[in-house]
There are 2 protein chains.
Amino acid sequence: MTNNDPDFLRELGQQLRVDSIRSSDAGGSGHATSSMSAADLLAVLIAKHLRYDFDSPDDPHNDHLIFSKGHASPLIYSVFKAVGAIDDDELLTYRQQGSRLEGHPTPADLPWVDVATGSLGQGLPIGVGVALAGKRLDQLPFRVWVVCGDSEMAEGSMSEAFEHAAFAGLDNLTAIIDVNRLGQRGETMHGWDLASFSDRARAFGWHAIEVDGHDVEAIDAAFAEATETTGKPTVIVAQTKKGKGVKAVEDQDDKHGKPIEDVEEALEELGGVRDLTVEVSKPDTDGEPHRFETSGEPEWPRWELTDEEEVATRKAYGMALAALGGERSDVVALDGEVSNSTHAEEFTKAHPDRFFEMYIAECQLIGAAVGMQVRGWTPFASSFAAFLSRAYDFVRMAAVSQAKIALCGSHAGVSIGEDGPSQMALEDLAAFRAITSSTVLYPCDPNQTAALVREMADHDGISFLRTSRGKSPVIYEADEEFEIGGSKVVRSSDDDQVTLVGAGVTLFEALKAADALAEDGVNARVIDLYSIKPVDEETLREAASETGAIVTVEDHRPEGGLGDAVLGALADVENVRVRKLAVESLPGAGSPEQLLHESGIDAEAIAGAARELAGQPAPA
Amino acid sequence: MTNNDPDFLRELGQQLRVDSIRSSDAGGSGHATSSMSAADLLAVLIAKHLRYDFDSPDDPHNDHLIFSKGHASPLIYSVFKAVGAIDDDELLTYRQQGSRLEGHPTPADLPWVDVATGSLGQGLPIGVGVALAGKRLDQLPFRVWVVCGDSEMAEGSMSEAFEHAAFAGLDNLTAIIDVNRLGQRGETMHGWDLASFSDRARAFGWHAIEVDGHDVEAIDAAFAEATETTGKPTVIVAQTKKGKGVKAVEDQDDKHGKPIEDVEEALEELGGVRDLTVEVSKPDTDGEPHRFETSGEPEWPRWELTDEEEVATRKAYGMALAALGGERSDVVALDGEVSNSTHAEEFTKAHPDRFFEMYIAECQLIGAAVGMQVRGWTPFASSFAAFLSRAYDFVRMAAVSQAKIALCGSHAGVSIGEDGPSQMALEDLAAFRAITSSTVLYPCDPNQTAALVREMADHDGISFLRTSRGKSPVIYEADEEFEIGGSKVVRSSDDDQVTLVGAGVTLFEALKAADALAEDGVNARVIDLYSIKPVDEETLREAASETGAIVTVEDHRPEGGLGDAVLGALADVENVRVRKLAVESLPGAGSPEQLLHESGIDAEAIAGAARELAGQPAPA
């Protein structure tokens, strides 16, 4: 039998079902029935349409296969067995301690998995990112195949992906919707009404094909049509049965995520264990990934201490990013339709070919960044910090994918002023600190911002830079070095009685407070904690031991931000008292200065707290 | 002139423009141009179609008017002036300290504003919630009018709302899309291609009407058609010009969010200041809001210390919620298609009329809950805690709305086992703690869970309950009281050398560790910190002073969770050393027990940390 033989395809589909059942059984849990519905789709795909060298997963010419329905992991691993990437013994380690075949796929040790999925609605937006990279960055003809569940079509992030893929004309992208009718707890909104999916897709501008998802010849024709369709992405809406082929579970409610009870009987019904191996077509390896020209000696932005004009850190971000793009051809930028506020527009002007306007769709913004780093690009994605919260689940999953992405959130805190709390990020430090292996940076001056942008480009994992709306004075030399995990002691004496720790806008308030305290004869050390995570424990512990009293101040909620980072660094230190100042209540209308004051995080509040801690009375 | 006179409507539209410009000018900032595009739409709506008693904003018969494009706040406040709700002097306090007319609307002091908007893509999903309440809860014929921007149509949450509104047949809902073509930094994806909006809407199942958004008669007809349309929601796709009526800004790029430069000239162009007052039609006040029958003496779930069978806290959540629904007719439940996992299904079985299946669309899930509390209902919304992160921006904005919603997130932490990190909430405590005025609860036993569910129903603001996948023993009496902000000392002696603080699954590990320590002669106090926020400072400070050493342990990341809550409570306490145990690295495959061990948060790790802190050698 050959890959072209429909009987072989049907047999292969049965093998994928059998192996999905066997692996789930070995693991004691897993989504066998959700795997079985898509088995024929995958059989045809790997035997006839996928172009992938499984011995060389990093080959840039390879297609990309993403399971947006990541719970169908038994099917993914059964595919890996069928193509010879893993053996049967390994297949049966599914979900067991030490196995790389986790309950939902992660790229940790599986080179054929691009990204972690399992939080529904993410695979397609990420696939859009990979496809954008194929079209506009790598400029290679690889295809992106995304296997989607019907339940996850309810996620708005899927609509964002449908919208953007059509807008960008991604004819290298095929979405395959496994319409098995049944979600976790019952029927989906649309059941087997295939038109409900294809009508929406067509309205978004896709080519849509409805197909019987268990008819291998029809599937084959649909994939061929998808490959031939130009100018727009294609969705294959496939009617399938959950648990297909095993009477005890086929199209039955309440069989989601449960291993098959009578495995022996099920395997018999499916014709028993097979050991077919598929020769997957290798990609055409003509052509190398496109590399953008760099500009040779780009001018790195510099600001002088003597500059009278103040500069917003968001502006410095944009300028540094533009300069970085001049140095490095791997750097790309994305923004959520606010590039004139985040100043990502500086990059756009300098490198329009490497800028991606993602419109007001933050999940797709982050998903695209994750997709681009799959192909080795170094994406910087920006929006208002408050609005990155829309994509928090995408950031969380990007960490599970061990993705390398740099994020910039502007307009942090009450110091944005009149626009009000809907636009103020006050939870972002907490949210990003809690992400696995994240880096959280909060610069106060333009030179510091630029230096940190450069650091981020070489830093693994999720890095987040918080920038401010208002302008800041230049307080650091242009050549000053700022490492991730560091801090700067910007004011100190041999006899400091209290330490003030701030970052961003509050650093300037802390400096003003130190001036006021000095007038009362209180020496205050001031630390610029620009690296909120990792945090400079050594400098903080030294300050604790030398001053015994620390005031932290942040334009952020009291929980999980700068203050908690300081407390964490000093958890086991005795003889230090810490006072956290932060935004406790909901801000109302007012200017930046008014809101800093009302929130109790301005110089006056800092000096007051420091006096109390240092045991000094307030001045008369 | 009467409300029926087209000239009056046109004049009213001009007044709304004039007042939008005047208020933005007085405030020094604001989105005048985005207000001007929608002015005619609003003029016709308030003069002819809205049914609202502005003297009685709490009247349950009132229509609801929600500005999803919250940045058009000058228009909202100009409407409030036109209907006589505020006077001209107040209009000119816009965006100034102490004014209730904030940069983006919040309901803080404005009784005619249902919810805060300003983070785009939220008004329509919330409107769906209000409309669902109208249809299925209140069972009153009020209409919900939602004014949307064209840029925000890119947000996936808008698609979730389109999908759900059609599914639920919400013919009491009208969306008005102000297609002014221009976003913040340039043209939207679709410009004035009205069909791109109406085609998508029709594919989702809506009735769509395209209209010239500056033709008052056409607008009037469209609203009438919307009101008459039954069985499906209606969207009015209105072609408009940003900055309409003022040449210097009309349909110009780069005029977003900027006050008009030459105000005098602009007002002249618009025909000067007017002082029209609109008589808005009052609603028909026939009929009272529906009240569901309660079951008299519902059986509150109880578990006995002697019970041999263990019970998962998620199961206790569902049972308590069902019982609560029997006691209180205001309690409603919503779930994101995982009610058989969160156990919200217990409520569904008992009170099917008050349960809302929101499918896998977490933004719409939270949006609907916010919408229902607008109408005074007490919503409990549940999903996996990990997936609530998809709606983090909705939760953040719900806090700005000062909404009262109860959230339950199940399947927290590595202790879910084999399903892997995509399904594990490990950031949720940090994320929810950072929300303004939030409450964060994490019970360990079924009686405690049930008691906290009852507390949540009476608690203002955003409350979050974290439940566990695995079963727990019963350790509290069924009548034990658990207040929000409390804790339980579950083990102590007169001579405790160390304190162990846990919650949820780690409380049991802490108890096991205390047993092991006792064998080595180390007395450990154990605190159940079930209220992570607010936190029981008094008990923690007492433990700090009496034992001098504290080990915190949580099935969560080290940042922003239980450990940081403890450190925050002890910030200014000297002579205490704290050691935080938490999930530091990315979990792989394994069982709950294996992952607790690998993550260093099991009894063995706790005992080890406690011995170190208490200065005891490890046992030989």
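The values are calculated or read from the model by the stated rules, or taken from the named source; none is laboratory data. Remember, predicted model here, so these are calculated numbers, not experimental data. When we count neighbours, we look across all protein chains shown, and the Cβ atoms used for this are built from the backbone with ideal geometry, even at glycine.
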Considering the stretch B:83-110 alone, what residues qualify as being surrounded by fewer than 24 Cβ atoms within 10 Å (Cβ to Cβ), closer than 22 Å to B:Tyr52 by Cα and of a type outside the set (Val, Ile, Thr)?
B:Gly84, B:Ala85, B:Asp87, B:Asp88, B:Glu90, B:Leu91, B:Arg100, B:Pro107, B:Ala108, B:Asp109, B:Leu110
Quick check, is B:Thr285 of a type in the set (S, T, N, Q), under 30 Å from B:Arg51 (Cα atoms) and not in a helix (DSSP H, G or I)?
yes
Residues being surrounded by 24 or more Cβ atoms within 10 Å (Cβ to Cβ) and away from every other protein chain (no Cβ under 14 Å): count how many of those fall in the stretch A:117-136.
7
Would you check if B:Thr277 is assigned to a loop (DSSP other than H, G, I, E, B), more than 28 Å from B:Arg200 (Cα to Cα) and among the polar types (S, T, N, Q)?
yes
Could you please let me know if A:Val474 is among the hydrophobic types (A, V, I, L, M, F, W, C) and more than 24 Å from A:Val332 (Cα to Cα)?
yes
Taking the conditions exactly as written (touching a residue at least 24 places away in the same chain (Cβ under 8 Å) and touching a Lys or Arg at 6+ places or on another chain (Cβ under 6 Å)), does A:Lys533 satisfy them or not?
yes
Unmet requirement for B:Val535, which otherwise passes all of (1) closer than 20 Å to B:Asp602 by Cβ; (2) within 31 Å of the chain's Cα centre (by Cα):
(1)
Every residue from the stretch B:542-576 that is within 10 Å of chain A (Cβ to nearest Cβ), farther than 21 Å from A:Leu429 by Cβ and touching a Gly at 6+ places or on another chain (Cβ under 7 Å)
B:Asn575, B:Val576
For the stretch B:397-429: of the residues being surrounded by fewer than 24 Cβ atoms within 10 Å (Cβ to Cβ) and among the charged types (D, E, K, R), which is nearest to B:Gly568 (Cα to Cα)?
B:Lys404
For the stretch B:461-475, indicate whether the set of residues that are surrounded by fewer than 24 Cβ atoms within 10 Å (Cβ to Cβ), in contact with a His (Cβ under 6 Å, 6 or more places away or on another chain) and either within 20 Å of B:Val414 (Cα to Cα) or not small (Gly, Ala, Ser) (or both) is non-empty.
yes
Neighbours by Cβ (under 8 Å, 6+ apart or cross-chain): first from the stretch A:241-253, in contact (Cβ under 8 Å) with a residue 40 or more places away in the chain; second surrounded by fewer than 21 Cβ atoms within 10 Å (Cβ to Cβ) and among the polar types (S, T, N, Q):
A:Lys242/A:Gln252; A:Gly243/A:Gln252
Where in the stretch B:362-473 are the helices (runs of 4 or more DSSP H), entirely inside, with at least 1 residues that are closer than 19 Å to A:Gly560 by Cβ and not polar (S, T, N, Q)?
B:385-388, B:392-400, B:428-433
Within the stretch A:422-440, track down each residue that is under 17 Å from the mean Cα position of the chain (by Cα) and either at negative phi or charged (D, E, K, R) (or both).
A:Asp428, A:Leu429, A:Ala430, A:Ala431, A:Phe432, A:Arg433, A:Ala434, A:Ile435, A:Thr436, A:Ser438, A:Thr439, A:Val440
Just checking, how many residues over the stretch A:419-456 are at pLDDT 95 or above and more than 21 Å from A:Ala391 (Cβ to Cβ)?
12
Which of (1) over 12 Å from B:Ile462 (Cβ atoms); (2) within 9 Å of chain A (Cβ to nearest Cβ); (3) touching a Gly at 6+ places or on another chain (Cβ under 8 Å); (4) surrounded by fewer than 24 Cβ atoms within 10 Å (Cβ to Cβ) does B:Val374 not meet, given it meets every other one?
(2)
(1) within 13 Å of chain A (Cβ to nearest Cβ); (2) part of a strand (DSSP E or B): which one isn't true of B:Ser341, the others all being true?
(2)
Residue identified as closer than 24 Å to A:Gly123 by Cα and either among the charged types (D, E, K, R) or within 14 Å of another protein chain (Cβ to nearest Cβ) (or both) among A:Ala369, A:Ala403:
A:Ala403
Here are some residues: B:Phe432, B:Phe347, B:Phe394. Which one is away from chain A (no Cβ under 12 Å) and surrounded by 24 or more Cβ atoms within 10 Å (Cβ to Cβ)?
B:Phe347
Within the stretch B:441-477, restricting to residues that are acidic (Asp, Glu) and more than 18 Å from the chain's Cα centre (by Cα), the one that is farthest from the other protein chains (Cβ to nearest Cβ) is B:Glu477
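Quick check: anything in the stretch A:239-250 under 30 Å from A:Ala168 (Cα atoms), of a type outside the set (Lys, Arg) and modelled with pLDDT of 95 or more?
Scanning the stretch A:239-250 turns up at least one residue that is under 30 Å from A:Ala168 (Cα atoms), of a type outside the set (Lys, Arg) and modelled with pLDDT of 95 or more.
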For B:Ser157, only one of the following conditions fails: (1) in a loop (DSSP other than H, G, I, E, B); (2) touching a residue at least 12 places away in the same chain (Cβ under 8 Å); (3) closer than 30 Å to A:Ala344 by Cα; (4) within 14 Å of another protein chain (Cβ to nearest Cβ). What is its number?
(1)
Is it true that A:Ala222 is farther than 15 Å from A:Glu152 by Cα, crowded, with 17+ Cβ neighbours inside 10 Å, in contact (Cβ under 8 Å) with a residue 40 or more places away in the chain and more than 11 Å from chain B (Cβ to nearest Cβ)?
no
Identify the residue in the stretch B:249-290 that is under 19 Å from B:Ala26 (Cβ atoms) and hydrophobic (A, V, I, L, M, F, W, C) and, among all such residues, is surrounded by the fewest Cβ atoms within 10 Å (Cβ to Cβ).
B:Val273
How many residues, within the stretch A:238-251, are in a loop (DSSP other than H, G, I, E, B), touching a strand residue (DSSP E or B) at 6+ places or on another chain (Cβ under 8 Å) and more than 24 Å from B:Glu418 (Cα to Cα)?
2
Restricting to the stretch B:137-154, give me the number of residues that are away from chain A (no Cβ under 14 Å) and either touching a Phe, Trp or Tyr at 6+ places or on another chain (Cβ under 6 Å) or hydroxyl-bearing (Ser, Thr, Tyr) (or both).
2
Filtering the stretch A:540-579 down to residues that are among the acidic types (Asp, Glu) and in contact (Cβ under 8 Å) with a residue 60 or more places away in the chain yields A:Glu554, A:Asp555, A:Glu559, A:Asp564
Test: B:Glu228 is touching a residue at least 12 places away in the same chain (Cβ under 8 Å) and away from chain A (no Cβ under 14 Å):
no
I need the strands (runs of 3 or more DSSP E) fully contained in the stretch B:500-593, keeping only those with at least 2 residues that are among the basic types (Lys, Arg) and surrounded by 18 or more Cβ atoms within 10 Å (Cβ to Cβ).
B:577-581
